[in-house]
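One structure is given below, encoded as structure tokens.
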Amino acid sequence: ILPSFLKDIEISDITPYSYDAYAIAKHYQKVEDTLEELEEKQMQNPNESITKADADADDDSSLYNGARRFLKVAQDLRDEFSTLYGGEKAARIILQRGITIFSKYSSSNNNSNIENQDSNIHNEGIFYTAKRIQQARKEKRPFTFGFAGYSVTAGRGNHFNQSFPFVMERILSRPMQELGIDLHVRNAAIGGVPSFPYGFCLDNFLTADANRSSSTHSSDKRIPLPLSISTSSNNVKGRRRNLHQSQPLDVLSWDFSMNEANDVVEGMEGYIRQVLTLKNQDIKPMLLVKDTHLAEHRRRLIDSYVKTGSLMDPIVLHTDQASEPFLEVEEDSRPIGFQRWRDFGSPPEAPGKSKHHPAVKEHEFIGWLTAMHFLSALEVLAASDMKLDTSPTATSSAFLTRDLNGMELEMTTGNNILPPPFSRKNSAIESMIYGTEGSGGTWKMNRISCRTSFEPLAFGDLKDLVISDVQDSLDLMLPKGPLIYNKGRWVLDLGDAERKAKQQLERYGGLGFLDSKKSYYGVFASGPLRLFIPHANKTTDSSKLELSPPDNARDAFTTLILCESNENKRNPMACNMATDLSFEVGGVRVAAESVKRISLPGFSYLGRDICVSIEVPSKAKITNLSQSVKVEGGNMKEEGIHEESVGVAIELAVSNKRIRTKDIACNLSHVVWQTSNYK
């Protein structure tokens with residue numbers, strides 16, 4: 001039984017969103033006829049390899065045969081999607097209601113209104129995505145997804161391998177292999193995080209410069225991700241691939257709608273600008289957003305970046321609007337994909353089964369929605385490989401005539417130019433969120449560096465910056481009392497709620513989860529925590545190079561941000577970073593009025609601001625590491641950092657004498673800084 005609104009709709013009445021995986025196979029002339037002809041010839045000549053007559057080169061022949069095999073796999077996936085979700089008519093309307101796409105040339109983006117969509121204005125994005133996949137194959141590298149987000153993307157309440165990124169991977173792996181492309185999926189979601197400081201640290205969580213691959217300090221901390229896992233398994237099995245790889249990201253996701261509710265846009269816009277200027281990327285990544293369908297302002301923001309040409313092929317997944325009509329049908333009468341909708345995958349007493357956490361069937365639904373969109377792009381690539389006649393017909397768009405081989409991707413090398421921000425709010429860290437305004441009304445993002453103690457981590461452990469003696473050798477799962485915290489050292493530890501959650505997970509083997517919100521904790525008796533912040537001297541703008549770093553730290557370090565772990569601190573006596581810590585930068589004490597809480601959307605957790613910005617004192621000095629190290633046992637072993645490396649020393653200490661116990665302790669989990677450029 002299908003929702004009532006579907007009963008009067010015929011398949012012929014459905015306007016495809018951006019040529020869905022069903023429509024695009026039908027719109028390409030000869031695709032289905034070619035498949036049938038090839039199968040018939042194969043039956044007549046089982047030992048003869050079938051190639052297209054004009055495919056003279058071996059590469060063309062291989063691509064053609066791979067595309068032929070792909071067509072059969074793609075057909076099977078479309079049939080399976082239809083079977084799961086109520087037939088082809090229901091499946092295609094689900095795609096319309098569950099995915100918003102955008103067009104540079106349309107007057108407005110698709111807001112999932114079936115009756116008002118224009119089939120001829122939402123097509124260029126799918127070609128751009130197909131070109132991305134083709135480019136990865138040309139470069140002989142995997143096509144890589146990087147999933148950021150919070151507990152929904154992580155899969156809380158289920159096994160980690162049941163989260164929708166890995167569902168999508170299992171669906172797409174074979175069709176992509178038939179076209180000669182490997183698929184990599186990295187799920188670096190962390191429970192309960194807002195857009196920032198996470199957005200400043202995307203490089204740390206999801207990418208890695210090849211030059212950093214031999215880091216001597218944290219190599220034992222590299223966390224592998226499960227790939228190609230059987231959905232029936234409760235254990236993490238199959239191939240495992242290390243996060244610490246030098247492959248660029250082709251697709252990067254955002255999913256913080258629960259932490260940034262009420263359709264606020266500021267956090268997302270800052271995140272988008274970080275994505276578009278991600279380090280170590282030649283091509284701007286595709287943006288994939290999971291959000292509620294009610295977040296109209298966020299969709300309009302994305303549309304604005306599409307109109308300016310900054311985002312080329314973003315999509316928004318909003319599964320609530322697509323699934324809710326089917327969930328109103330009686331359980332036994334629903335399509336099979338909507339049955340047992342709230343049955344979680346972890347054992348009955350395992351934690352994480354919150355109302356806002358998707359259960360197994362919803363993760364599968366999100367994975368299928370995502371996979372079907374990319375299957376459309378693979379259909380385009382297959383048609384290109386088969387050199388099919390793609391001249392437009394009365395029912396197809398002129399975009400179908402576009403030649404993938406003649407398309408160019410938007411490059412980022414040497415170009416971090418962006419449009420003016422659309423949700424700009426004045427703040428002390430404006431340049432880190434939006435960049436700085438240049439000539440002609442354009443904006444340019446500056447170089448930002450991050451170190452964090454959170455995991456999963458590809459590189460850039462906060463531990464690498466610590467130059468004072470700390471207690472970081474104790475088991476994180478064990479509680480630590482005053483005897484540990486009163487020894488004059490900061491302690492690497494977990495918050496009480498985080499430890500409790502992990503202890504609950506440990507009863508069930510951890511369920512495969514990799515994320516951890518460990519931080520350096522300190523009380524009044526812990527003394528100072530000292531860090532050495534290296535100056536990032538890489539730049540692509542030769543006009544801004546200087547021969548040497550300035551002596552004054554304020555000229556070298558334009559912005560400093562320190563953040564604490566996102567915890568639910570209900571005790572009114574709990575540490576306030578802005579008032580209960582003292583700071584020293586470059587040998588100069590920071591005035592209290594120069595330490596400001598960052599009260600911006602995207603920087604708070606459960607209404608609590610978690611970051612402070614620190615104005616570098618005018619007399620703070622640049623130094624080198626050998627001059628900064630005062631205590632033996634520091635951890636400065638980061639790749640490329642040595643005794644003569646220049647930077648600035650930072651010291652922080654708990655100044656409030658009442659903070660004497662762990663339950664109200666101060667903590668540090670992220671250090672983010674923005675630097676000027678020099679040779």
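From most to least packed by mean Cβ count within 10 Å, the peptides 377-387, 648-658, 86-96 give 377-387, 86-96, 648-658. Taking label points 7 Å from Cα along the Cα-to-Cβ direction, LYS279 and LYS72 give a separation of 4.7 nm.
Are there GluC sites (Glu not before Pro) in the stretch 258-358 that DSSP puts in a loop and that have at most 14 other Cβ atoms within 10 Å, and which ones?
GLU328, GLU330, GLU349
Using the Cβ atoms and a cut-off under 15 Å, what net charge is assigned to the surroundings of LYS353, where Lys and Arg are +1 and Asp and Glu are -1?
Values: positive: ARG156, ARG340, ARG342, LYS355, LYS361, ARG507; negative: ASP343, GLU349, GLU362.
Net charge around LYS353: +3.
Just need log10 I(q)/I(0) for the stretch 407-476 at q = 0.15, 0.21, 0.24 Å⁻¹, Debye formula, equal scatterers on the alpha-carbon atoms, no solvent, rounded to two decimals. Values returned for q = 0.15, 0.21, 0.24 Å⁻¹ are -0.75, -0.99, -1.10.
Heavy-atom accessible area per residue, the stretch 284-332, 1.4 Å probe: how many Å²?
35 Å²
With θ taken as phi - 60° and the Karplus curve 6.51 cos²θ - 1.76 cosθ + 1.60 applied, the whole-hertz 3J(HN,Hα) list for the stretch 432-442 is 7, 7, 10, x, 10, 6, x, 6, x, x, 8 Hz, x standing for glycine and proline.
Compute the signed sum of charges (Lys and Arg +1, Asp and Glu -1) over the other residues within less than 11 Å, Cβ to Cβ, of ARG589. Neighbour charge sum, excluding ARG589 itself: -1. Computed with the Debye formula from one identical point scatterer per Cα of the stretch 315-390, without solvent, the log10 of I(q)/I(0) at q = 0.20, 0.21 Å⁻¹ comes to -0.92, -0.97.
Residues whose amide H falls under 5 Å from that of GLY191, counting only those 5 or more places apart or on a different chain, are absent, with hydrogens built in the peptide plane. Judged by the mean number of other Cβ atoms found within 10 Å, the most tightly packed of the peptides 299-311, 470-482 leads the ranking 299-311, 470-482. Coupling constants for the stretch 316-329 follow from the phi torsions by the Karplus curve (6.51 cos²θ - 1.76 cosθ + 1.60, θ = phi - 60°), and in residue order they are 10, 9, 9, 6, 4, 5, 7, 9, 4, x, 6, 6, 7, 6 Hz; glycine and proline get x. Scaled to the globular estimate 2.2 N^0.38 Å, the Cα spread of the stretch 481-528, given as radius of gyration, is 1.39. In the structure displayed, which of LYS89/LYS307; LYS72/LYS355; LYS89/LYS290; LYS355/LYS463; LYS355/LYS502 lie more than 28 Å apart, Cα to Cα? Result: LYS89/LYS307; LYS72/LYS355; LYS355/LYS463 exceed 28 Å. Take 188-199, 72-83 and order them by the average number of nearby Cβ atoms within 10 Å per residue, most first; the result is 188-199, 72-83.
The values are calculated or read from the model by the stated rules, or taken from the named source; none is laboratory data. Remember, predicted model here, so these are calculated numbers, not experimental data. In this analysis, Cβ positions are derived from the backbone assuming ideal geometry, glycine residues included, and neighbour counts consider all displayed protein chains. Each accessible area value is taken on the protein alone, full model and side chains, heavy atoms only, with ligands, DNA and RNA left out. Shrake-Rupley method; radii C 1.70, N 1.55, O 1.52, S 1.80 Å.
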